[in-house]
1. Once you charge only the Cβ atoms, +1 for Lys and Arg and -1 for Asp and Glu, what is the size of the charge dipole of the range B:345-448 about its Cα centre, to the nearest 20 debye?
2. On alpha-carbon atoms, Rg over Rh for the range B:326-397 using Kirkwood Rh?
3. Remind me, relative contact order of chain B in percent, using alpha carbon pairs under 8 angstrom and six or more residues apart?
4. As an exercise, identify the GluC sites (Glu not before Pro) in the range B:289-325 lying in DSSP coil whose Cβ has no more than 14 other Cβ atoms within 10 Å.
5. Tell me the mean residue ellipticity at 222 nm calculated for the protein assembly as shown from its helices only (DSSP H runs of n ≥ 4, each -39500 (n - 2.57), averaged over every residue, nearest 500).
6. Separation of the range A:110-141 and the range A:56-109 by C-alpha centroid, Å?
7. Kindly tabulate the residues in the range B:286-308 with an accessible-area decrease of at least 40 Å² between the chain alone and the assembly of all protein chains, using a probe of 1.4 Å.
8. Report the accessible surface area buried between chains A and B, summing both sides, using a 1.4 Å probe on protein heavy atoms only, in Å² rounded to the nearest 100.
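The values are calculated or read from the model by the stated rules, or taken from the named source; none is laboratory data. Since we're looking at a predicted model, the values are computed, not measured. Ideal geometry is used to build each Cβ from the backbone, glycine not excepted, and the neighbour counts take in all protein chains shown. For accessibility, only protein heavy atoms count, side chains too; no ligands or nucleic acids. Shrake-Rupley method; radii C 1.70, N 1.55, O 1.52, S 1.80 Å.
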Amino acid sequence: MKKRRLVTRTIILLVLGAAVVYTLYANFTKDSRLKVDVGDQAPDFVLIDMDGNKHQLSDYRGQGVFLNFWGTWCPPCKKEMPYINNQYNQFKDQGVQVLSVDIQESELVVNQFVEQYKLDFPIMIDKDKEVMTAYGVDLLPATFLIDKNGKVVKYHTGELTEDKVREFMESIKP
Amino acid sequence: MKDVKCECGHVNPHGTVLCEACGKVLDEQEANKSKLLDMRYEGSARRSQTYNKTVIDKIWNFFSSVKVGVWLIVITLIASILGTIFPQEMYINLPPEVYYEQEHGWVGKLYYQLGFHDLYSSWWYLLLIAMIGISLVICSLDRVVPLYKALKAQRVTRNEGFLKRQRLFSASSNISEHDIEKIKDHLKLKRYHIREENGDLLAEKGRFSRWGPYVNHVGLIIFLIGGMLRFIPGMYVYENLWVKEGETALIPETDGKYYLKNKEFILEHYDKEKDRTFEQAIDRAGDVVKNYQSNVVLYKEKGESLPGEKPDLQKIKEYKVKVNLPLKFEGYSVYQSSYRSELVAMTFSLVKKDSSQSFGDITIDLKNPKKEYNLGNGYSVKIINYFPDFEFDDNGEPITKSRVPNNPAFVFRMISPEKPEGETSFVAIQQTIEPPGENAYKMAFKGIDTQEVSGFTISKDSTLWVIILGGIIFMIGVIQGSYWNHRRIWVQRKNGQIWIAAHTNKNWYGLKRELEFVLADTKLTFPKDQLQGEHEEKEEA
């Protein structure tokens, strides 16, 4: 009788406690919950680059992909672009691809930027912000590192140094 | 801690005040306390304070206390009041870590640090609500189970002390079987359930009103669960979406399935001439908006497309979204919530400065400007640089602040037969900068095109039904407990007399009126109110 009371009470308290813990956890993580988190399969997408070539993420299976979201108006993006370009030229023969997604700007502006900074890697414009939405990108620049199996291994927001770029590319070398 | 056996033979749980079966006072301290019995929870063992051995029991007993529950509610109320002193985070424009200290000094800083700025999401507030929920469950369980058992176990024949110490009580010496039959008939007319044992009688009605508070609590708990469900991804959506006229946008949180096209945004004002009734009001208040409306088309994606790919869209329906008339589909509602005008194009004229002769106009699509505009006859204009949201940076270089064309600026190269290599000119709104040396041509500003952008709120609340269900059950509980009374009348033979005792959980006046009817035309003594009007009514909590 007493034992049963203890068991019943324990079960009821555990159920209530679990509900409370879940609610608190969900509340704490609601702002930081990522759409695409480390360990997730990177959502596939298709974009056309400035030269008219089609790039589909899943076509790069077997290679590491350095996926960078940016805008010409964002100062840290401007800073890190030359570093990415340098490292791209180092790593492109070692199976690391750079895909650079501009958010909803005009071709004129992006082309001017590419000419000014002499960028060699493919640059594409996400005209309807669909890829940005799929990846849940909020602040620019944002960089996703995707390994040869298409899994996200790192997510970084904010400016990158050249060392960081090198380290990142090294980490996704197949 | 042993169960208590009453002299009537019934075994009661430890802590019982009144025997569940016969009503004898088991706790003698209680017996000497007052002339009348405390009938709350039928004197059942509602709080097993003595089972205090394990941590589980201690936690249980803490939440089982109504005092604790009331304090939790009071603290939550005070916190909610404090949360209204300064504006909540969602209503301020500055980052909260700056705003509260800047506006309200150290009090504001403390307010922010304690989490009052986002009260409903602060951990301690959620914890308080959760504790109220737990208290509600445990308080209810701890009371409803013993109460149910006690009411089920009650016997017809009651202990003398129990009857004597009911608020309404009388003893009549002249016994007539005829009177007893009459009482029974009267009780039946008043829809009492009558049970008889050894010539004793118990008439009872409205017992189910005793469950009212607990039904009410079940409703509250369902309500709280509904609130909790909001945290489960996909259950609750509240997002903003801006769509320019003529454009189609993906509706967020629909798994990339639904798209919304904004055909047209309409803003109507009240017209003094047409709406004569409002003439004075319009004179006083100026322009008054009559209607905010977006004519939209809802599309669903056929098949699957990858982000970035042109989706294959199937038209679902056209709709005019107005304030409070949202577009509804699959649990989602699209509300008209805002609008703004956006610059979409600018028109310039290539003009020769000395003759003011124009050699043609160019209209620049600000979202997608062309590299070169050919005006024929050897005249053309090239855009060397475009800054949609222009400003000078710290080094005096022109830059753009964002991708939105709020303040467009251009570097033009004007090519004419006289100057085939072109002349350069920097043109921003109300500002032209030319290189040293006179330019023969200029880009004369002619006009702008704007387009309306509708602001929508996308909302979906799958928890609403749970909350409504909780609310309905809550109200059923309230009604059940308020509009019915649990009344009992005992007519029993003791010491060669007829004892009449009566009890109700509320509305003693009603019970007395009913007793008048029941005892009418009998020689039995009418029960006396032993409270003697000290308190007119004492309600059960």
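1. On the way: 12 positive and 14 negative charges, 83 e Å.
It works out to roughly 400 debye.
2. Working: Rg = 20.1 Å, Rh = 16.3 Å.
Radius of gyration relative to Kirkwood radius: 1.23.
3. Details: 964 pairs, mean separation 98.1, N = 541.
Reported relative contact order: 18 percent.
4. B:Glu304
5. It comes out at -10500 deg cm²/dmol, rounded to the nearest 500.
6. Centre-to-centre (Cα) distance: 8 Å.
7. Hits at the 40 Å² cut-off: B:Leu306, B:Pro307, B:Gly308.
8. On the way: alone 10380 and 31110 Å², together 37730 Å².
Counting protein atoms only, the buried area is about 3800 Å².
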